[in-house]
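These notes are about the structure you will find just below.
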Amino acid sequence: MPQSPLRHPSVGSVVAGRYRLLERIGSGGMGEVYRASDELGQGTVAVKLQRSDLVRDLEQASRLFEGAWKATHICHPHIVEVYETGLGELGPFVVMEDLQGEDLSRLLARRGRLDPAHAIALLVPLLDALDAAHMAGLVHGDVKPENAILCRLSDGNASVKLLDFGGNVGWSLDRNSGVRQYYFGTADYLAPEQASGKRVDHRSDLFAVCVLLFELLTNTRPFHGPSASATAYKVLNASAPDLEACGVTNAEGLSQVLRRGLAKLPAERFQSAASLLEALKPYSAGTRPIPDILADLLPLGLSFRRGSSPAESRPRQSDSTRSTYPPPHVSGERIIVTSPRQQVISKAVTGTNLPAVETPEPRVEQTHTSVLPARFRGRFHVRGLVWQTLDDYVRSQHGDAAWNKVLTEAGGDPVRDLIEGTLQGIIYYDLDTITFCIDLASRHLFEGDQLWCRQAGREASKRLLSGMLSRNFPVPAHPVAVLRRVAAVTGRLFDFSKWQAQPTTSLRGAVLTIEGLEPANAGLRQWILGVVTRSVSSSHARARVEVRRGENAFTPRMVIEVNTV
């Protein structure tokens, strides 16, 4: 098939045969961001395209895709949601939720310096997001005002979301040895170890958060110099100015927090996002809800269009026209986008330039007999993360050879991805194929019983999903806190169903209700139960988990109750 040349983006261009660019809304070191309309009627989205002068740079494309995967891997309400990634006629692209608001640099330009209550309210969601990321073993590496958006959500509440997770740096965190990689960040927010090329870990992000706090309180950057090199020198050698010298009154306590947070040695700083947040609590607005405080800062006349937020514009329920756009899987000199468990872009590609590529077509190949009722076929999808956890468990029990032999019966591109290890965790895959593979494994390897999926869910909670499900809960934790976290994370792995966790009437337990689960077979329900059971038991050893309703396949509602003993 002939290849079309890469084109420059412009208003009116269509990405991946689906997203029509409406206006450019931002630009950065790596790319340009456009607001776009989803031609399949799913509202508006934000599309990030690699900068035109970098569009054929393989390393930059790798960072773009890796950053997208990291954002999805963490699955946090204060991290921008990524819907899709791929390669098209305009080069590499990432499709994200369209946030209605402004970044913190524009907020500072409009409002000037903020009082401590409002400044800390802006940091609370960011620290919560970073805490989840650090627990998952990931470092952002470029925390700055331009990467934090004050926005209004579909429910009307104000919030803050963290952008460009890993977009400018490919950090992966080793808590024992740290990481040392070349950095493409912003000099004003570099930690000393970043500026000097030394080991980097989660405490580098916390240094940047404290720089941001100083800037929110004073509208100045503590180490800013006339050039990037001069700024880096001050980061390494100079102390931050005193808050009172910058016009902040009654700032002795906050000054102490900043002195620790901006310490040159990581060991002398706050050791976790949670500990920094705890130190800031005495200077916050007390019991006033964070969304109410943030609402004070929203610009007057903020355009809030229902249908532009992810909850409104991209409904979880899918239809037969949904496009999953798998990664371009090509050979020779063309790029291969692989599984998040592997490299984001194959280094086997020779040279430094990206070849001309085409927009990939939605994968619809299916060679097996469907096991789903006809009304569900081709309409519903599950993220590859679910499939990966099931696949990992089967291989751990029966080995690669036995499982690959069974998989060949299913056929199709997604199954080949399983065999070759190139399945993408953030991509939605057809529920029909996943259901068929669960059925195959049950019949051939587990004596016809789908209860193995529950153990696969337990292993998923301990391993692949642990970074997303883990929180700094007190032990024992109240079941409702655990179930709300499970609902927030696991519910986003399905493009159907609605998850809600509430306390029981006795207030000692909690109930997780999953509506719209009718397309899920018994195996997927057992997998969900396994995730819930492991998450609860790790937080409360004496909690009891019971399925009150919906354990059988193709029933519309599943109800799981947790009670403390």
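The values are calculated or read from the model by the stated rules, or taken from the named source; none is laboratory data. In this text, all values refer to a predicted model and were calculated from it rather than measured experimentally. Cβ: placed from backbone, ideal geometry, glycine included. Neighbour counts: every protein chain shown.
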Can you find a residue in the range 127-134 that is in contact with a Pro (Cβ under 9 Å, 6 or more places away or on another chain), assigned to a strand (DSSP E or B) and among the hydrophobic types (A, V, I, L, M, F, W, C)? no
Among the residues that make up the range 364-377, is at least one of them of a type in the set (Gly, Ala, Ser), at pLDDT below 70 and either under 22 Å from Trp69 (Cβ atoms) or surrounded by fewer than 18 Cβ atoms within 10 Å (Cβ to Cβ) (or both)? yes
I'm checking my understanding of the structure. Among residues of the range 277-292 that are crowded, with 18+ Cβ neighbours inside 10 Å and within 25 Å of the chain's Cα centre (by Cα), which one is nearest to Ala117 (Cα to Cα)? Ile290
Out of all the residues in the range 519-541, is one or more assigned to a strand (DSSP E or B) and farther than 22 Å from Ala456 by Cβ? no
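Rundown of residues vs (1) modelled with pLDDT of 90 or more; (2) surrounded by fewer than 21 Cβ atoms within 10 Å (Cβ to Cβ); (3) under 25 Å from Leu297 (Cβ atoms), yes/no style:
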site: Gly156; (1), (2), (3): no, yes, yes
site: Asn168; (1), (2), (3): no, no, no
site: Gly185; (1), (2), (3): no, yes, no
site: Gln194; (1), (2), (3): no, no, no
site: Leu213; (1), (2), (3): yes, no, yes
site: Thr220; (1), (2), (3): yes, yes, yes
site: Ala230; (1), (2), (3): no, yes, no
site: Val235; (1), (2), (3): yes, no, no
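Here is a yes/no grid of residues against (1) over 22 Å from Arg525 (Cβ atoms); (2) touching a Lys or Arg at 6+ places or on another chain (Cβ under 8 Å):
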residue: Val382; (1), (2): no, no
residue: Trp387; (1), (2): no, no
residue: Gly399; (1), (2): yes, no
residue: Arg416; (1), (2): yes, no
residue: Glu447; (1), (2): no, no
residue: Trp452; (1), (2): no, no
residue: Gln455; (1), (2): no, no
residue: Lys462; (1), (2): no, yes
residue: Ser466; (1), (2): no, no
Scanning the range 79-123 for residues that are touching a helix residue (DSSP H, G or I) at 6+ places or on another chain (Cβ under 8 Å) and of a type in the set (Val, Ile, Thr), which turns out modelled with the highest pLDDT? Ile120
Given the options Val406, Val415, name the one that is buried (at least 20 other Cβ atoms within 10 Å of the Cβ), at pLDDT below 90 and not small (Gly, Ala, Ser). Val415
With respect to Arg458, determine if the residue is modelled with pLDDT under 90 and within 12 Å of Tyr393 (Cα to Cα). no
